[in-house]
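Since the structure comes first, as structure tokens, the remarks are kept for the end.
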Amino acid sequence: MNSIYLKAPATSANVGPGYDIFALALEEPYDEFELSLNNSDKISLEIIGNTQNIPIDISENTGSLAISELFKRKNIVQGVHIKIIKTMPSGGGLGTTGASASACIYGINKLLDLGLNNNELIDFARLGEVASGGSPHADNVAAAMLGGFVLIKSYNPVDVLKLEIPRFTAVLAVIKKSQRTTRGFITYEIGQEKLKEQMARCSRVIHAIHTKDIVEFGNAINVDHIAEPVRGAAIPSYWEIKQQVLNAGAYGFTISGGGSSVIAICNDNNAQKIEQIMKIGFSDNPHFVQTIVTHSSNSGILEI
């Protein structure tokens with residue numbers, strides 16, 4: 001096999017209180033990828049529909065960087081051409097960089113028959129995330145790779161657990177970051193009481209998934225004392241719109257990944273109303289792109 005065609009889903013990481021350890025795969029949007037082996041001994045990159053200034057330098061794109069790191073650590077010399085077909089917006093916390101890194105590692109593992117297990121795939125894929133966020137976090141790449149709801153059990157070594165999640169409706173307001181990353185502004189000095197609540201809410205999230213209780217799941221993700229205060233402050237009207245969405249019947253509302261996109265957990269009956277609140281509420285934000293009504297998904301990377 002000399003080529004492989006894949007699609008990888010958008011993901012929403014952090015998921016309320018689960019900073020860098022929780023992530024959720026979504027049905028839509030997604031990007032498509034084609035990886036082809038050649039005799040050049042070099043990695044090359046092509047992006048179709050690149051209207052968003054996505055880096056095409058091999059060391060700055062998450063997909064090509066992930067493959068480059070894998071080749072370096074495995075002492076592999078191999079020519080490969082990466083084609084990324086963009087269909088989802090980038091730079092807003094929907095895990096597009098994680099989708100690219102995951103698809104590229106998944107594809108090269110298949111093409112070269114490397115026999116990597118899921119944790120090894122995720123460990124290599126997360127190295128690509130350094131190109132976008134400066135940190136090799138594993139939450140987005142894990143959810144894109146495996147689908148469902150993922151829990152990072154350990155970073156040293158990387159150990160990921162996938163949980164099957166009931167299908168529920170999610171409404172996204174896609175908002176591009178006004179700066180590359182807010183990670184450096186986040187503090188972990190949140191105090192004893194907030195720390196205890198953060199831990200309790202992480203437990204509630206996992207319990208809600210096991211019991212298939214989406215109302216409880218939404219409630220559990222509504223409070224985050226680590227990332228939300230910093231990232232929420234960078235989104236104009238975030239707190240007011242969050243309250244409006246919850247008042248309209250959403251089960252939960254939080255920032256998607258590193259932001260500035262936001263995600264509401266709801267049901268099909270009130271999704272349109274919630275979408276309209278978000279569309280109107282964020283319309284004055286110059287970085288607002290669009291709203292998307294989608295669903296949770298237990299599928300990760302798919303060969304097509």
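The values are calculated or read from the model by the stated rules, or taken from the named source; none is laboratory data. Please read all numbers here as calculations on a predicted model, not as lab measurements. Methodologically, a virtual Cβ is constructed for each residue, glycine included, from the backbone with ideal geometry; neighbour enumeration extends over all protein chains shown.
Within the range 191-226, if we keep just the residues that are farther than 12 Å from Y251 by Cβ and among the acidic types (D, E), the residue that is nearest to the chain's Cα centre (by Cα) turns out to be D224. When restricted to residues that are crowded, with 23+ Cβ neighbours inside 10 Å and of a type in the set (S, T, Y), the range 205-228 contains 0. It is to be established whether one or more residues within the range 111-119 are modelled with pLDDT under 95 and more than 22 Å from E34 (Cβ to Cβ). No - not one qualifying residue is present in the range 111-119.
In the range 12-60, the residue that is surrounded by the fewest Cβ atoms within 10 Å (Cβ to Cβ) out of those that are among the β-branched types (V, I, T) and farther than 30 Å from G252 by Cα is T51.
Residues that are over 20 Å from the mean Cα position of the chain (by Cα) and assigned to a loop (DSSP other than H, G, I, E, B) within the range 57-77 comprise D57, I58, S59, N75, I76, V77, listed in sequence order.
The residues of the range 155-179 that are out of contact with any Leu (no Cβ under 9 Å at 6 or more places or on another chain) and either assigned to a loop (DSSP other than H, G, I, E, B) or surrounded by fewer than 18 Cβ atoms within 10 Å (Cβ to Cβ) (or both), listed by number, are Y155, N156, P157, D159, E164, P166, R167, F168, K176, K177, S178, Q179. Scanning the range 15-55 for residues that are touching a Lys or Arg at 6+ places or on another chain (Cβ under 9 Å), part of a loop (DSSP other than H, G, I, E, B) and over 20 Å from E69 (Cα atoms) returns G16, P17, G18, I21, G49, N50, T51, Q52. When restricted to residues that are within 17 Å of P29 (Cα to Cα) and surrounded by fewer than 18 Cβ atoms within 10 Å (Cβ to Cβ), the range 264-288 contains 0.
If I filter the range 75-87 for residues that are of a type in the set (K, R), more than 22 Å from I292 (Cβ to Cβ), touching an Asp or Glu at 6+ places or on another chain (Cβ under 8 Å) and modelled with pLDDT of 95 or more, do I get at least one hit? Yes.
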